[in-house]
Amino acid sequence: MAKSRGGGGPSSPGGRSLAGTRESLADPGGDELSSLGSDSEINGGGPEERRVDKFGFIVGSRGAEGTLEEVPLEVLRQRESKWLDMLNNWDKWMAKKHKKIRLRCQKGIPPSLRGRAWQYLSGSKVKLEQNMGKFDELDLLTGDPKWLDVIERDLHRQFPFHEMFVSRGGHGQQDLFRVLKAYTLYRPEEGYCQAQAPIAAVLLMHMPAEEAIQLDGQILFSLLHKVSPVAYKHLSKQKIDPILYMTEWFMCAFSRTLPWSSVLRVWDMFFCEGVKIIFRVGLVLLKHTLGSSDKLKSCQGQYETMERLRALSPKIMQEAFLVQEVIELPVTERQIEREHLIQLKKWRETHGELQCKSPPRLHGAKAISEAEPAPRKALEPVPSIIVSPGPAPVPKARKSKEKSREKGPASPANGPGAEGNGAPGTTRELLHPQVSPHHQSKESLSSRESEDTYL
């Protein structure tokens, strides 16, 4: 988790600046992993009184999940190894083995590497390198007061039962404030809307801070006609506008709708394959909620239908079931784009031109990668931990020469003081030359593996 720095934010109830400083967020004598303890003390409870699940939600809260399908440890380690290989050779994999990346995203990205993988899939890794220092620059600015006030009021609503956001003025809320404030400065024409907060909060759980809904509703509804005619007919008969049930789904990317394990799996696929995943999830939920005459028996009116859509069945939101249904649903990028053009034409006929013209959709990591202007610097992750190389293997011919030298008289070049006198061309330097960090591929991979897997 990135530590906060100053930026003119509002104050927490305890009197701390919400924007914070790097010093105020970290205990001088401890590491930043201990921040939960200090956050807990703000609310009057110690860390020993609080248990969290594997996603960081407080056990017993609404966000916590019950029994989960656990991936066997051996399988998880194999997946981590495969993902490390992909991330360390990302451009090659994206160019030649994109289908393999998609399949591995559908299986689920290992939790220890999810943050890094999302950065690569979304293209934010490249953007970060192209705009080095931009976030810090925005972070130091004060920001527009009209947005800061709204952002501050929304902070405590974002996953209040997650260990990162449980405390008012805690490190999670401070980082969330910084990210949302920076976005209003980066895109002042867009400003802030409430749906940005849960999206930013989910991203902050996995990586440091440094990184037209009505039209979509009509596209979703039109696609539903092909996927589930029964559900389409029922919603049409009840005259329920898509915006009534899909706004939170789409604007929050299901982060406020699905169980957390399902949210992460959906986001894994979304970052890889693009917006079609969001449409597919919405269609699956509608199909399995309203897609048969039996299901409609308890949804005779508009009110009953809306209540059913607000309280979806846990079965259809269960991770394994939902992911499989999403993968198998035959809705393609081409269908979405075709429907987009149809609905855009209808919109213009009835409402005129759109006030806000968005850039074209980029359907997934492949399209984002190809849209990057060439040439660009290849992604080469720098190892966080450098393991010093072991002794270089000595050829047999050199070994025999060394033995003969040891038996013979000492010469000035290889005498007792030669090794430590710094003279160039000594035997030690010839046999064990300095290895640059960029050439320690095996060592850096193993060290990065240990860092990403176990921290």
Item to check | When residues of the range 198-251 are limited to those that are of a type in the set (V, I, T) and open to solvent by less than 50 Å² (accessible area, probe 1.4 Å), the one modelled with the lowest pLDDT | outcome: I213
Checklist entry - Does the range 130-140 include one or more residues that are of a type in the set (A, V, I, L, M), at pLDDT 80 or above and under 16 Å from the mean Cα position of the chain (by Cα)? => result no
Checklist entry - Restricting the range 163-172 to residues that are over 15 Å from R51 (Cα atoms) and open to solvent by 10 Å² or more (accessible area, probe 1.4 Å), which is modelled with the highest pLDDT? => result H171
Item to check | Filter pass, I151 being open to solvent by less than 40 Å² (accessible area, probe 1.4 Å) and under 20 Å from N88 (Cα atoms) | outcome: no
Checklist outcome for this item: Within the range 144-175, residues assigned to a loop (DSSP other than H, G, I, E, B) and small (G, A, S) come out as S167, G169, G170
Checklist entry - Out of the range 326-343, which residues are at pLDDT 90 or above, open to solvent by 40 Å² or more (accessible area, probe 1.4 Å) and touching a helix residue (DSSP H, G or I) at 6+ places or on another chain (Cβ under 6 Å)? => result I327
Checklist entry - Looking only at the range 157-188, which residues are over 17 Å from T142 (Cα atoms) and among the acidic types (D, E)? => result E163
Item to check | Selection count, the range 181-197, where residues are closer than 20 Å to H156 by Cβ and open to solvent by 10 Å² or more (accessible area, probe 1.4 Å) | outcome: 6
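The values are calculated or read from the model by the stated rules, or taken from the named source; none is laboratory data. All of these numbers come straight from a predicted model, not from anything done at the bench. Cβ coordinates were reconstructed from backbone atoms using ideal geometry, including for glycine residues, and neighbour counts include every protein chain displayed. Heads up: the accessible areas ignore ligands, DNA and RNA and are worked out on the full protein's heavy atoms, side chains in. Shrake-Rupley method; radii C 1.70, N 1.55, O 1.52, S 1.80 Å.
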